[in-house]
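The values are calculated or read from the model by the stated rules, or taken from the named source; none is laboratory data. Computed from a predicted model, the values in this text were never measured in an experiment. Backbone-built Cβ (ideal geometry, glycine too); neighbour counts: all protein chains shown.
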Ligand code: DGL
């Protein structure tokens, strides 16, 4: 295997949410070197226009190319939904993966009746990427979605459960569930279509009850990445544990503090590099 296989894999999110994907990638590929970029200066992406999100995602890709990455995981559903196709078309030499297709795959494998709910940011819901990805695999599926942009702030603040969080989750999901809770149309699977949302998983599970399976695309995305790296002969030949580097576009100390809510390893502020990506194209 050539040493170029030991180049790092880049992961990118609007902020800290993608750390849930980083966790899964660390577990699936412990020997890979990883570089995580959080565009903390411009989070949230979920309420921005497609034009802005695509520009931000391409700037992140260009910034990570400077670190000689061999693959890029867009660890953000919003950026995956909006910008993945553009980035794949513009950078055919780079392996670029998103989290929406793996999430859709996991949902289709999980559902029993084909009645699937998707909760995500406003941009992801408007873009209908999950609908398209699910229906292309299961044309008979019924897919309903709801924007839950408020969950992003709750997750970042570390408000993951408790009465108040349950009340907000209940209110946010009411449109999706009150209508479909009973009878033929009842949803049996709910996709957490935003990388921030797994932080609220216990509250969401409380509210929807045990008849609804929750899908978190992090693990499926990591499995997909491993498969693609193996297929393209890009798996690392390192025998030691890989290194993880963190890049942010603003507020390294906030990132280190909030990272605890999403990432299972400690992130020291000295490990975080502040970079400017806005000058890229
Ligand atoms: N983490 C992003 C996602 O998966 C959402 C956060 C944001 O709005 O920037 O969609």
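Annotations for the structure displayed:
- Selected residue (criterion: nearest to the ligand (Cβ to nearest atom)) from residues of the stretch 1-13 that are at pLDDT 95 or above and either crowded, with 24+ Cβ neighbours inside 10 Å or outside any loop (DSSP other than H, G, I, E, B) (or both): 13
- Scanning the stretch 258-276 for residues that are crowded, with 19+ Cβ neighbours inside 10 Å and under 18 Å from residue 34 (Cβ atoms) yields a total of 5.
- Matching strands (runs of 3 or more DSSP E) fully within the stretch 185-249 where at least 1 residues are away from the ligand (no atom under 14 Å from the Cβ) and within 24 Å of residue 71 (Cβ to Cβ): 244-248
- The stretch 15-40: number of residues that are part of a loop (DSSP other than H, G, I, E, B), touching a strand residue (DSSP E or B) at 6+ places or on another chain (Cβ under 8 Å) and within 13 Å of the ligand (Cβ to nearest atom): 5
Table: residues versus (1) in contact with a strand residue (DSSP E or B) (Cβ under 9 Å, 6 or more places away or on another chain); (2) touching a residue at least 60 places away in the same chain (Cβ under 8 Å).
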site	(1), (2)
163	no, no
170	no, no
176	yes, no
190	yes, yes
199	no, yes
208	yes, no
213	yes, yes
220	no, yes
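- Residue check for residue 174: at pLDDT below 95 and either more than 22 Å from residue 101 (Cβ to Cβ) or within 16 Å of the ligand (Cβ to nearest atom) (or both): yes
- Residue list for the stretch 238-247, restricted to those being touching a helix residue (DSSP H, G or I) at 6+ places or on another chain (Cβ under 9 Å) and at pLDDT below 90: 238
- Scanning the stretch 140-151 for residues that are away from the ligand (no atom under 14 Å from the Cβ) and outside any strand (DSSP E or B) yields 140, 141.
- Qualifying residue in the stretch 153-163 (condition: surrounded by 20 or more Cβ atoms within 10 Å (Cβ to Cβ), closer than 24 Å to residue 261 by Cα, modelled with pLDDT of 90 or more and more than 16 Å from the ligand (Cβ to nearest atom)): no
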